[in-house]
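What follows is a set of notes on a single structure, which appears directly below.
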Amino acid sequence: MTTSTIGLIAGLLLAIAAAAGGLVGFLIAVVLGTAGYVIGGHFDGEVDLSQVFGRRDRG
């Protein structure tokens, strides 16, 4: 398993622990699962977060 897959699973498990159920619980699961996948993908080198959060020249 890649780090991004493990991150996805970890995010989903955290979502299950945090969710109380219903629509809000589903949305929390989606957000935390996506965050776990992106963070894991960043550590694997699959996702480059510097393009999103990188430094910008101020002119």
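We did not get these values from a lab; they are worked out from the coordinates using the rules stated. Please read all numbers here as calculations on a predicted model, not as lab measurements. Using ideal geometry, Cβ is built from the backbone for each residue, glycine included, and neighbour counts are taken over all protein chains shown.
Assuming 0.36 nm per residue, please report the length gained on full extension of the stretch Asp48 to Leu13 beyond their Cα-Cα distance.
That works out to 10.2 nm of additional length.
What does the charge count around Thr3 come to, taking other residues whose C-beta lies under 9 Å from its C-beta (Lys +1, Arg +1, Asp -1, Glu -1)?
-2
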